[in-house]
Amino acid sequence: METDEHYLRAAIAAARAAEADGEVPVGAVVVHAGKIIATGQNRVIRDADPTAHAEIVALRAAGRVLDNYRLENCDLYVTLEPCAMCAGAILHARIRRLVYAASDPKAGACGSALAVMNHPLLNHRVEVASGLLADECGAFLTAFFRARRNAVKASRIQPAQEAVLMPTKKWSAKVTTDSTHPHQGLFNEDAESIAKSLATKEVSPKGPASGMRMLNFYINRAGKNLPEARVQELEKAKTILSAMIATRKPAAKSAKKAAAKKTPKKTAKKSSTK
């Protein structure tokens, strides 16, 4: 006969497998007559199933093995204290003995947060043992949630450190060509480079004015997530781009006047009177 630690180690292995697939690392095994007949791990994300906790998965598998929804003379080993849902399922399955490692002060239903297991009004009693390998199981659960929080935090501050990805849609109603998409990372460059790029025909076929619209769109969209130094650089780029627009407008007017002078005026034919 194997020890409780042996079976809990098997549950830990299932928990590690769940973690590798992006699930909260909780694992469980069902033991019958000294042998592991079913293993379960968290599958809520993969199965899109809020009931797919490790305990539920293991109980379902054990029921299929024994061809019975009653799992009498079976023991359940799990790395984390069962929640209310799992505690209810354990009682309905008539599990003989429950061994869990780490307590769950937020959702544990074996006395930590709730006292569903062995409630005095229920007609089934489960022998409960806890604490074995609790530090080990608690440590990798804590590490998992810390890593998840850090990842979420990093995703929130990332736009302030890197270029915000530009939308694939058109920049404005007046800009209608697919060529009007600045290259990724442009708005992380210095002000002069930004202005010159936005004034080119490759980026702004309609001239610097359309480039200015792109710059304003970017500032309005990403400004709150950008550091002050980057905002100042973008405002400087606007100033440079405005100067480009101002110098090109008189040139455009002069070109129109010159073209008008070259065009001969049509003279009306005078009709002679006899």
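Is segment 1-117 rounded, prolate or oblate when judged by the Cα gyration tensor, a ≥ b ≥ c being the square roots of its eigenvalues, rounded requiring a/c under 1.5 and prolate requiring a/b larger than b/c? Write out the running numbers ahead of the final one.
Values: a/c = 1.27, a/b = 1.14, b/c = 1.11.
Rounded, because the longest to shortest axis ratio a/c is under 1.5.
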Checklist outcome for this item: Heavy-atom accessible area of segment 1-93 with neighbours in place, 1.4 angstrom probe: carbon+sulfur share in percent works out to 52 percent
Checklist entry - segment 186-248: D in µm²/s via Stokes-Einstein (Kirkwood Rh, Cα pairs, 4 °C, 1.567 mPa s)? => result 113 µm²/s
Checklist entry - To the nearest 20 debye, what is the magnitude of the charge dipole of segment 46-119 about its Cα centre, counting +1 on the Cβ of each Lys and Arg and -1 on the Cβ of each Asp and Glu? => result 120 debye
Next on the checklist: Accessible area of segment 186-248 with a 1.4 Å probe: how many percent of it is carbon plus sulfur?
Outcome noted: 53 percent
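Could you state the accessible area per residue of segment 1-122 in Å², with a 1.4 Å probe and every protein chain left in place? Intermediate results must be reported in sequence, preceding the final value.
Values: 5630 Å² over 122 residues.
In whole numbers, segment 1-122 has 46 Å² accessible per residue.
The values are calculated or read from the model by the stated rules, or taken from the named source; none is laboratory data. No experiment lies behind these values; they were computed from the predicted model shown. With ideal geometry, Cβ positions are generated from the backbone for all residues, glycine too; neighbour counts draw on all protein chains shown. Heavy atoms of the whole protein, side chains included, go into the accessibility calculation; ligands, DNA and RNA do not. Shrake-Rupley method; radii C 1.70, N 1.55, O 1.52, S 1.80 Å.
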